Each structure stands twice: as structure tokens, then as C-alpha cells.
């Protein structure tokens, strides 16, 4: 197989070779990181809906993205993994509502773990993954409570323009996107967001943000959540 390609399978990933270790440096198979993380997800009852794997730098670097089922059909979570056996970066993972993991080395998420390729990485990595998943599980409870609050917070057409202005001031959207968010708010793409709530307002922003540079998506999403929290607190 080629050693720099996107959209490879887990089986193909197993066939990617790794360099020989040294006295102080221990590369790991990309599949070890993937399989260990997936196993711990399954132990916690988390199901993977979609997954994408990519290798680069002649197979020395790995980037993976996973969509994980949420507690309800309308909601899902993201997992990003990366590993570099050329000493460029360590074995890392990121969890959250929005995760970025790119071959240009952009990497972001709400909960993260990482381990350099030094001795004992094979022993230490499972514990780091477990701790991160536990933290992420706690964070999901907070996010679920937030979502329920948003669903019961009523938003009027009179308040929505104020939210739009604040979102532009916070760097969530640009001035050219205000009209698009307003249009999505007035006529939602998905019927589930027809009710005039903060949950629907957040979705209007999310739909428009799908068109922005994915490297900025995590930062914009965090800012959007903070703005929605402030609106909910003031309601």
C-alpha cells in the first residue's frame, strides 16, 4: 500500500510498519493507539458511528477522526487521534463536541491526552486514555444539562438580533454571516429546531459555521457555547 494516503481502513492501518526503537525512544504502532482507545470507548458503552483514518510522511504519521453516538439520536460527539513515529509529536487524543486533527498539525479538543514516545509508553498510554475518557464522561454530563437548559430557554425574534451582534463581537461569526444565521433561525434546515428556543438559536449558528475553516471550528464553538451560557443565565 502507499504510505501517504487518506481514507484507509483499520486493517490497512495494521500493515503500516514502524521504525526500530532506540535506548530512549519507543515508537508505537498507530493501530495500538486506535485499538486501545476504541476498546476503552466500548468498555464505557460508547459506539462509533463514523471513522476516518489517514497516514502521512511515508506512514510515519497518523491522523484519525471518529464520530461517537450521543445519549440521544440528535446528538453526537467527536474523537480525534494522532501519532507520529518521526518524533514530530507524541501519541495524542482529543474529545469534545468539535475536534480538529489535521495533517497540517492542527489539533484541538475539549478534553485531551498525550504521551511522548519515550520508554514505557505502551504501559502508560492506556491509563492516560482512561483518565481522559473519565474526564470527558463527566464533561458530557455538564453538556447534557446545558443542552436541556437551552431547550427550555425561549428566544424571540426581538432578542435574536442582539445575540447575532454579540456573536460577531466575540469572533464567532463574521458580519457577512449574520444574514445566513438569521435566515437559518427564521427557516431552520431541520424541523427539530422549529421551536423558538436557545437550542434552536445555537443550531442556527452551527449550521452556518459548517462553512468556516475547520481549524477555527473548535475555538468558535467554545465561544458560541460561552455566549449561549450567558444568554441562558440572563433569560
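The values are calculated or read from the model by the stated rules, or taken from the named source; none is laboratory data. Model, not experiment: these values are computed from the prediction. In this analysis, Cβ positions are derived from the backbone assuming ideal geometry, glycine residues included, and neighbour counts consider all displayed protein chains.
When residue 151 is tested against (1) in contact with a helix residue (DSSP H, G or I) (Cβ under 6 Å, 6 or more places away or on another chain); (2) in a helix (DSSP H, G or I); (3) buried (at least 17 other Cβ atoms within 10 Å of the Cβ), just one condition goes unmet, and that condition is (3). For residue 46, the requirement of being under 28 Å from residue 202 (Cβ atoms), at pLDDT 85 or above and either touching a helix residue (DSSP H, G or I) at 6+ places or on another chain (Cβ under 8 Å) or outside any strand (DSSP E or B) (or both) is met. Out of curiosity, is residue 208 closer than 25 Å to residue 78 by Cα and either touching a residue at least 24 places away in the same chain (Cβ under 8 Å) or not assigned by TED's automatic domain parsing to the domain that holds residue 78 (or both)? Against the criterion (closer than 25 Å to residue 78 by Cα and either touching a residue at least 24 places away in the same chain (Cβ under 8 Å) or not assigned by TED's automatic domain parsing to the domain that holds residue 78 (or both)), residue 208 qualifies.
For the range 3-20, the count of residues that are farther than 16 Å from residue 121 by Cα, part of a loop (DSSP other than H, G, I, E, B) and free of Cβ contacts under 8 Å to residues at least 24 places away in the same chain is nonzero.
Taking the numbered list (1) in a loop (DSSP other than H, G, I, E, B); (2) more than 22 Å from the chain's Cα centre (by Cα) in turn, residue 171 passes all entries but (2). Criterion first (free of Cβ contacts under 8 Å to residues at least 40 places away in the same chain, more than 17 Å from residue 112 (Cα to Cα) and within 13 Å of the chain's Cα centre (by Cα)) does residue 31 satisfy it? Spelling it out, it is not the case that residue 31 is free of Cβ contacts under 8 Å to residues at least 40 places away in the same chain, more than 17 Å from residue 112 (Cα to Cα) and within 13 Å of the chain's Cα centre (by Cα).
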